[in-house]
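Peer 1: Input: one structure, supplied below.
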Amino acid sequence: MVADRRFFEALNYSSQNEDWRTEAGALALRDGGTLLAITGSGDRVLNPLAIADVSVVAVDASPAQNHLLRVKIAAIRQLDYDDYIGFLGLIDASPR
């Protein structure tokens, strides 16, 4: 049981490798809709917002994953695109 508790207290997923466009198509997202998603890396929660003006409810048993989502949202609000993808590690990040 100790291992289970440690899993839920740790950050376990920082990015996803699923095809979010296929998921969005299957969900048939429409403006004004609501989506319930497991937070995970936060990507599955944020990606639908690129497709439609939807409300997203994110849940996860791990507080660390929910905190990561909050960090990503803060980064999106504060950083320009190049700095954000650098923050994610997709390109070399600025030393600042």
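The values are calculated or read from the model by the stated rules, or taken from the named source; none is laboratory data. Model, not experiment: these values are computed from the prediction. Positions of Cβ are backbone-derived with ideal geometry, glycine not excepted, and every protein chain shown enters the neighbour counts. These area figures cover heavy atoms from the full protein model, side chains too; ligands, DNA and RNA do not enter into them. Shrake-Rupley method; radii C 1.70, N 1.55, O 1.52, S 1.80 Å.
Peer 1: May I ask you to verify whether Ala50 is aliphatic (A, V, I, L, M), modelled with pLDDT under 90, under 30 Å from Arg96 (Cβ atoms) and loosely packed, with under 14 Cβ neighbours inside 10 Å? Write out each step before concluding.
Peer 2: On the way: aliphatic (A, V, I, L, M): yes; modelled with pLDDT under 90: yes; under 30 Å from Arg96 (Cβ atoms): yes; loosely packed, with under 14 Cβ neighbours inside 10 Å: yes.
The answer is yes for Ala50.
Peer 1: So Ile51 clears everything in (1) over 20 Å from Asn12 (Cα atoms); (2) without any contact (Cβ under 8 Å) to a residue 12 or more places away in the chain except one condition, right? Which one?
Peer 2: (2)
Peer 1: For segment 62-96, how many residues meet the condition of being open to solvent by 70 Å² or more (accessible area, probe 1.4 Å) and of a type in the set (A, V, I, L, M, F, W, C)?
Peer 2: Result for segment 62-96: 5.
Peer 1: Right, here's the next one. Looking at segment 1-40, which of its residues are open to solvent by less than 80 Å² (accessible area, probe 1.4 Å), at pLDDT 90 or above and in contact with a Lys or Arg (Cβ under 9 Å, 6 or more places away or on another chain)?
Peer 2: The one that is open to solvent by less than 80 Å² (accessible area, probe 1.4 Å), at pLDDT 90 or above and in contact with a Lys or Arg (Cβ under 9 Å, 6 or more places away or on another chain): Ala37.
Peer 1: Also, I was wondering about something else. Based on what the data block shows, is Asp43 among the charged types (D, E, K, R), open to solvent by less than 40 Å² (accessible area, probe 1.4 Å) and touching a helix residue (DSSP H, G or I) at 6+ places or on another chain (Cβ under 9 Å)?
Peer 2: Taking the combined requirement at face value, the residue satisfies it.
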